[in-house]
Structures are given as structure tokens and as C-alpha cells.
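The values are calculated or read from the model by the stated rules, or taken from the named source; none is laboratory data. All values derive from a computational prediction rather than experimental measurement. Note that each Cβ is placed from the backbone with ideal geometry, even for glycine, and that neighbours are counted across all protein chains shown. Quick note on the areas: whole protein, heavy atoms, side chains included, nothing else; ligands and nucleic acids left out. Shrake-Rupley method; radii C 1.70, N 1.55, O 1.52, S 1.80 Å.
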Amino acid sequence: MRGLPFSLESLGASRLGAAAQRLGDARLHEGARLPPGPPEPAIVQALEWTLIPTRFMERARARYGRVFTMRIAGFPPLVHFSDPEAIREIFTGPVEHLYAGEANRILRPVLGSRSLLLLDGEPHLRHRRLLTPPFHGQRMLAYGARMREVTERAIEGWPRGRAFPFVERARSIALEVILETVFGFGRGGEAAHVRGMLAELLASSASDPIFLFPAAQIELGPLTSWARLMERLRTIDAQLFALIEARRKEAASPGRPARDDVLSLLIDARDEDGEPMSAEELRDELMTLLVAGHDTVATGLAWTIHHLLASPDALERAHSEARDRFHGDRAEDVELPWIDAVVKEALRLTPVLPIVARRLQKDMTIGGVALPRGSRATPNVYLTHRDPSIWPEPERFDPARFLGVKPSPYGYFPFGGGVRRCIGMAFALFEMRIVLATMLRRLSIRRPAGVQVRPERHGVTLSPSGGMPLIVEDLG
């Protein structure tokens, strides 16, 4: 029987291993002099980090500056950095000394142990080389027409003249784009059952922030949320393995139909030794692309709409660009510099992921701070993006910052950095640009009266509260 990362057996082994590592980390930090940070007990900091993350980070930055230590229950201390030079050291440091996969291990039960996000060292580099081609160049651009078509279909079903939660609609678009471009599903037939299960999974307790804590990842009976999530994953897993096997047989058949979806390209891919990805590797990477790509794009779009609605001049310019330059016949070739800048500025002010992390494999000095092995060096995306020494008037939404300018990768990194930068970054930015242009070419948008939006937890991401209520009307 395959040792799934979320099977009962491996969950137990994984939990024992993680517990041992946490104990080891705790011993490493006993007596270690880490930078100062919030003094509240770890359980209190965990609650603040979960419920009021932006306020928690801003208070820590105001009191302790660009480096501070956060202690939250269930994790070793995280040392936050928002100085570009320190972040450069983290992103360009030796990969054998700075492990991101270990820092992401809380995601293992859902994504799997062979996920790009969980791997380190040579296994990570191998997967990255295999995964890169489908997300760059003409192959990626060819997906633009499908992104536009998915958005057009979705818009037809949106209510006119009354508020609806935009985040939910954006997640539906992002899911459909992934199913068509990554999984290679059509609109019906083979895809219907799997589509429904995946949509249910993404809308389920997988997004519950309580599951960010290891102690909550325990099956205590069939009625508990974690047990239901694991059962749902086991069912999906069987479907994904059946899909992979069917595509492999199809790929081996003479005169097979031409496919350009990511799964088919990965099945054909070979590493330097001529070896393909295993079925287990393909499953874990499919789940990673689904979970990471779905919520990142949808949340980024929602924040972009939020900022545009508060900036009438920027919104009008975006409408004009969509109307004048985005004609829909060759969406993949259209340059939309203002809309591109709008998306990037929204991700500066409200990054979807507030932090990234690396686990030190040896004692290191970063930003002049001595850190022991086992420490989590944590570039803080949110605070760096709002640093006035990097971004003048950082609280102001100003897309012009990104017109004809390439920001430093150590002062702007909404998709992470270094060799761990999100492999789907170009795909995600392109999708957000296409979806936004399609919307603004057809619809006027406005915010319901009296609505206030704030960041709130949705799994590991920070999403607009209330689903980002929106009202749309057809343009004349």
C-alpha cells in the first residue's frame, strides 16, 4: 500500500518525527539569545497571529524595529526580518543551510511529502526543473484564451445590481482555470465528479486557520473536522491516481491526441537521468498547484478590486485600458501595463502570504544577528512592502510605482524569493491581469455602502473580510 502523507500510518510517523524535531528545536533555543519580540505567552501570540495578524506585525515592528522574534504555540521561534539586506542574505544564502521545505511542513498532510513546497536540496531542484517549462514562455501564454473564456462564462452568472461575495466568484474562476490548464479537464464528462470533489475540498475546513497548528492535525473520530478532511483527501487521492494512470496510458498510445495541459507535459517530462516523475510525485505536485494556485490568484484579485474601488482615478484608467487595448481575440498577446501595475501594487499593499520562512541547518549570522541551528529566519513580506525607507508613502495605493520599474527582489517579493520563489508567479500575474481586464471591459464595479474590509485568515493566506462584497453592472 502506498504510504500517503495523509494516511493513518504516515500521519502517525510524520507526527512523531515532527514532534521530535520540535523538541530538538526547543532544546536548541534553550538559553539562545534571539532578538527581542512581543512578550506575551506563546498561546496569546498564536491567537493574535491567527485573528489580527496585520495589527500584530505592525505593533511588533513599531516596538522592535526591522528584526523581532515571534513565539507561537506549536512552533519554534520565528525571527522576522524586514530589512532588504538581511532578506538578500536569506534568499541568496546556501540552499543546503536554509531549508524552506522543513519550514512548510505544516502543509504536508494536504499537499504530500513530495510537494515542491515541502522538498529541500537536490529533490527540490529536480522538481523545480521538471515543473518550470509549462509555466513560462509561449506555453504559459497559450493559456490566456482559456483564462478569458472561463472568466466570460463566470461573469454571465453573476448577479447585477446587488452585492455578492467576490472572493467566492474569484475562487470559482481560479479553480476552473486550474482544472482546464493544469489538469486538462473539459467542461463535463470525465471532469464532473473530480471537479465537484476538489471544489468541496477547497471550500472545506482545509482553509480553517486552526489547522495551521500541529496539535489540531489529529483524527479523534469520524465526526471531527480533521478526520472529515482526511477522508475527503483519501477519496480525491484515488481519483487523482486514476487520472494519472489514464493519462499515462494515453501518452503511450500511438496517434494520441495532442495535449498542452500541465499534467500531460509533466507526464512527458524527464530529469537529467531520463527518469519521469512517479505517480506519487505527480499527485503531490497536482495538489500543490491546485491549493497554492487557486487561493493565491483569487485572493490577489479580490485585494486588487478592493484597492481599485478606493481609487477612482486608478479604476477609470484601468477601465480605459481594458476597453482600448484588450479586445479578446488575442488576449495572450495584449500588453496591459496599467492593469499589470495595479495588480502588482495591490500585492505590495496586501500580499496574500504575509511571511516566508527558512529553517537554519547550521548556526548562521543574518543581518548581523547570530541565530542557532533550527531557527526560522522569516522574511516578512507585509512589513517590508510597507517600509517607508523602501516605499515612499507606503500606505498609499499608487500603481505608477510599477510603470517601467523593476523593484528590488529583496524589497518586493509577494511570491517569495531566491530559488524558492513561487514557480507559478508569472502564470498567476498573467491570470490576474486577464481576469481583471475581462471584468473591466464588460462591467462597472462598486462597493456596497458602509462596507469595511479588513484582512482575515483563510488558511495560510490573508483574505478580504466578508468575502469582499461587490456590486456589478453591465457597461453600455
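Would you confirm, using the coordinates I've provided, whether R59 is open to solvent by 60 Å² or more (accessible area, probe 1.4 Å), among the basic types (K, R), modelled with pLDDT of 95 or more and in a helix (DSSP H, G or I)?
Answer is yes for this residue.
Any residue at all in the stretch 430-453 that is surrounded by fewer than 20 Cβ atoms within 10 Å (Cβ to Cβ) and within 13 Å of G300 (Cα to Cα)?
Looking for residues that are surrounded by fewer than 20 Cβ atoms within 10 Å (Cβ to Cβ) and within 13 Å of G300 (Cα to Cα), one finds none in the stretch 430-453, hence no.
One residue is enough: does the stretch 125-144 have a residue meeting the conditions under 21 Å from D271 (Cβ atoms), under 22 Å from the mean Cα position of the chain (by Cα), outside any helix (DSSP H, G or I) and in contact (Cβ under 8 Å) with a residue 12 or more places away in the chain?
Yes - at least one qualifying residue is present in the stretch 125-144.
With the requirement that a residue be buried (at least 20 other Cβ atoms within 10 Å of the Cβ) and either aliphatic (A, V, I, L, M) or in contact with a strand residue (DSSP E or B) (Cβ under 9 Å, 6 or more places away or on another chain) (or both), what does the stretch 125-141 give you?
Residues satisfying the conditions are L130, L131.
Which of the residues spanning the stretch 384-408 are open to solvent by less than 40 Å² (accessible area, probe 1.4 Å) and within 15 Å of R88 (Cα to Cα)?
The answer is T384, H385, P407.
So that you can scan it fast, the table gives a plain yes or no per residue for (1) in a loop (DSSP other than H, G, I, E, B); (2) open to solvent by 30 Å² or more (accessible area, probe 1.4 Å); (3) in contact (Cβ under 8 Å) with a residue 60 or more places away in the chain; (4) closer than 20 Å to L201 by Cα:
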| site | (1), (2), (3), (4) |
| --- | --- |
| G255 | yes, yes, no, no |
| R259 | yes, yes, yes, no |
| L266 | no, no, yes, no |
| E275 | yes, yes, no, no |
| H294 | no, no, yes, yes |
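I'm checking my understanding of the structure. Among residues of the stretch 372-384 that are under 17 Å from the mean Cα position of the chain (by Cα) and of a type outside the set (S, T, N, Q), which one is nearest to F68 (Cα to Cα)?
It comes out as P379.
Considering every residue within the stretch 184-196, establish whether at least one is among the β-branched types (V, I, T), at negative phi and surrounded by fewer than 19 Cβ atoms within 10 Å (Cβ to Cβ).
Among the residues of the stretch 184-196, at least one is among the β-branched types (V, I, T), at negative phi and surrounded by fewer than 19 Cβ atoms within 10 Å (Cβ to Cβ), which makes the answer yes.
Checking E180 against (1) charged (D, E, K, R); (2) at pLDDT 85 or above; (3) open to solvent by 50 Å² or more (accessible area, probe 1.4 Å), only one condition comes out false. Which one?
For E180, the exception is condition (3).
Condition check ((1) open to solvent by less than 20 Å² (accessible area, probe 1.4 Å); (2) of a type in the set (V, I, T); (3) under 23 Å from the mean Cα position of the chain (by Cα)) across all residues:
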site: V262; (1), (2), (3): yes, yes, yes
site: M287; (1), (2), (3): yes, no, yes
site: L301; (1), (2), (3): yes, no, yes
site: F326; (1), (2), (3): yes, no, no
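For the stretch 101-116, enumerate the residues that are outside any helix (DSSP H, G or I) and surrounded by 22 or more Cβ atoms within 10 Å (Cβ to Cβ).
G112, S115, L116
R148: open to solvent by 60 Å² or more (accessible area, probe 1.4 Å), at pLDDT 85 or above, on the phi < 0 side of the Ramachandran plot and part of a helix (DSSP H, G or I), yes or no?
Taking the combined requirement at face value, the residue does not satisfy it.
Any idea which of (1) within 19 Å of V343 (Cβ to Cβ); (2) buried (at least 23 other Cβ atoms within 10 Å of the Cβ); (3) modelled with pLDDT under 95 is the one S375 doesn't satisfy?
(1)
Out of (1) hydrophobic (A, V, I, L, M, F, W, C); (2) at pLDDT below 90; (3) under 29 Å from L353 (Cα atoms); (4) assigned to a helix (DSSP H, G or I), the odd one out for A192 is which?
With respect to (1) hydrophobic (A, V, I, L, M, F, W, C); (2) at pLDDT below 90; (3) under 29 Å from L353 (Cα atoms); (4) assigned to a helix (DSSP H, G or I), A192 is out only on (3).
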